[in-house]
1. Which far-off residues, 5 or more places away or on another chain, put their amide H under 5 Å from the one on Val82, with H placed in the peptide plane?
2. Rounded to the nearest 500, what is the 222 nm mean residue ellipticity of the chain from helices alone, with -39500 (n - 2.57) per DSSP H run of 4+ residues and division by all residues?
3. Of the beta bridges DSSP finds with both residues in the chain, what % are antiparallel, to the nearest 5?
4. Mind running the shape call on the range 140-286? Use the C-alpha gyration tensor, a ≥ b ≥ c as the square roots of the eigenvalues: rounded below 1.5 for a/c, prolate if a/b tops b/c, oblate otherwise.
5. Please list 3J(HN,Hα) in residue order for the range 130-136, calculated via the Karplus relation 6.51 cos²θ - 1.76 cosθ + 1.60 where θ = phi - 60°; whole Hz, with x for glycine and proline.
6. Just want to confirm a number: the relative contact order over the chain, from Cα pairs under 8 angstrom separated by 6+ residues, in percent.
7. GNM on the chain, C-alpha springs below 10 Å: top fluctuator among Ser101, Ser79, Ser216?
8. Quick check: Cα centre of the range 204-273 to Cα centre of the range 64-125, how many Å?
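The values are calculated or read from the model by the stated rules, or taken from the named source; none is laboratory data. The structure displayed is predicted, hence computed values, not measured ones. Positions of Cβ are backbone-derived with ideal geometry, glycine not excepted, and every protein chain shown enters the neighbour counts. To get the accessible areas, we keep the full protein, side chains included, count just its heavy atoms, and leave off ligands, DNA and RNA. Shrake-Rupley method; radii C 1.70, N 1.55, O 1.52, S 1.80 Å.
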Amino acid sequence: MNNILKKMLLTGAIVASTFVLSPDFASAATSSIKVQINDSLVNFPDQTPFVDSNGYTQVPIRMIGDKLGATVKYEKVNSYIVKVTIKKGSKTIVLKSNSSSAFVNSKEVKMDTKMRVIGGRTFVPLRFVTDVFGFTLNWDSKNNIAMLSTDGKTYKPAYTASATSTSKGKQVVAEAKKHLGVKYVWGGSSPSTGFDCSGFIKYVYGKMGVSLPHSSISLHENHGTPVSKSNLKEGDLVFFITNKVSTSHVGIYIGNNEFISATSKGITIANLNSSYWGPKYNGANRIF
């Protein structure tokens, strides 16, 4: 394939993934984040909280508002923009989708990230809501819970994570290892034709019933919960910058500081701290 054709295909793939996998449209289904208000969990019947590309926890505001005793009103400004008004006590918050500007009692406030609409639900950054109403927000990393206190008291987690996620992680690793040695193919996403790095992730997690995109950047920015390198578990996705610009490679952590991924040598296992991969490490996400 000549270089011009490769560039055309690559450009098309990037544009397509940007459109389909934009945070405003990406599914939050793979998120495992829970939200607790005082001593009880918030029920999310369909769309669930997720961490956006800026690292902020986005939550469906309807469920949060109901739990807080606030009123939430929606207005469709046009086919692209939705306006949401949240009222509780003396505070009135007005937000618009795809905007990082909010109005609190008519005063403009800049948020660190945007409000967005996904699957018919309006997502708002949880930190912004808690700051506006003066509530406290803490993160329980062990159980993956955003814990919100409206009265300043400290509450115990209303949910304790089971070993299920670890078990699923082991299953992911077992499936990934079945394909050791499969050749590398740019754009590949099956063992019969070969894999590229994100195609390998898409295939392996697809076997677990999880639909993920064929894009290392989108996987990093829009799917799963960020975890520290010191807290990695089997099945976590690990990301690398190999192009000196942004995330461009992804693999699956298999334990003992090792990960499995599709490289030019095919599906291989490497050490996270090797002289090649160590300096290129760029974070990790947990899907389960």
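1. Excluding prolines and chain starts, which carry no amide H, the hits are Val77, Ser97.
2. Numbers: 6 runs with 65 residues, N = 288.
Using -39500 (n - 2.57) per qualifying helix, the result is -7000 deg cm²/dmol.
3. Details: 55 of 60 bridges.
Restricted to the chain, the bridges split so that about 90 percent are antiparallel.
4. Prolate shape, in that a/c is at least 1.5 and a/b is the bigger ratio.
5. Result, ordered by residue: 5, 5, 4, 8, x, 8, 9 Hz.
6. Values: 571 pairs, mean separation 46.7, N = 288.
Here the relative contact order equals 16 percent.
7. Ser79
8. About 34 Å separates the Cα centre of the range 204-273 from the one of the range 64-125.
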